[in-house]
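Working notes for the structure below.
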Amino acid sequence: MTCSRCKGERIIWGKNKYGRAVASNCPVCNKDGAAVRKETKEWGNGHSRSVLDKR
């Protein structure tokens, strides 16, 4: 199931006071960055599910 707030992207895009795009962690599914750290660790172990890795 994907997150209803970020639609599974784990980041939410917003704008800073200068109008530039800024990414911040999703407060629902990636509050402290733990979900992304876990996925990154899996990539290092060879458990990536990416299409590019299947070449």
Is it fair to say residue 25 is polar (S, T, N, Q), over 10 Å from the mean Cα position of the chain (by Cα) and either at pLDDT 85 or above or open to solvent by 70 Å² or more (accessible area, probe 1.4 Å) (or both)? no
Enumerate the pairs (first residue in segment 26-43 and more than 17 Å from residue 7 (Cα to Cα); second residue anywhere and of a type outside the set (Val, Ile, Thr) and modelled with pLDDT under 75) with beta-carbon separation below 7 Å, excluding pairs fewer than 6 apart on the same chain, so at least 6 apart or on different chains. 42/48
Pairs needed: first member in segment 1-25, within 21 Å of residue 35 (Cβ to Cβ); second member anywhere, part of a loop (DSSP other than H, G, I, E, B) and among the polar types (S, T, N, Q); C-beta distance under 7 Å; at least 6 residues apart or different chains. 8/2; 10/30; 22/16
Considering segment 8-17, residues that are modelled with pLDDT of 85 or more and either assigned to a strand (DSSP E or B) or touching a helix residue (DSSP H, G or I) at 6+ places or on another chain (Cβ under 7 Å) (or both), and then whichever is farthest from residue 40 (Cα to Cα), we arrive at 15
Can you tell which of 20, 55, 5 is at pLDDT below 80, out of contact with any Pro (no Cβ under 6 Å at 6 or more places or on another chain), open to solvent by 70 Å² or more (accessible area, probe 1.4 Å) and of a type outside the set (Gly, Ala, Ser)? 55
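The values are calculated or read from the model by the stated rules, or taken from the named source; none is laboratory data. A quick note: this is a predicted structure, and the numbers were derived from the prediction, not measured. For neighbour counting, all protein chains shown are included, and Cβ atoms are generated from backbone atoms with ideal geometry for every residue, glycine included. These accessible areas exclude ligands, DNA and RNA; they are computed on the full protein's heavy atoms, side chains included. Shrake-Rupley method; radii C 1.70, N 1.55, O 1.52, S 1.80 Å.
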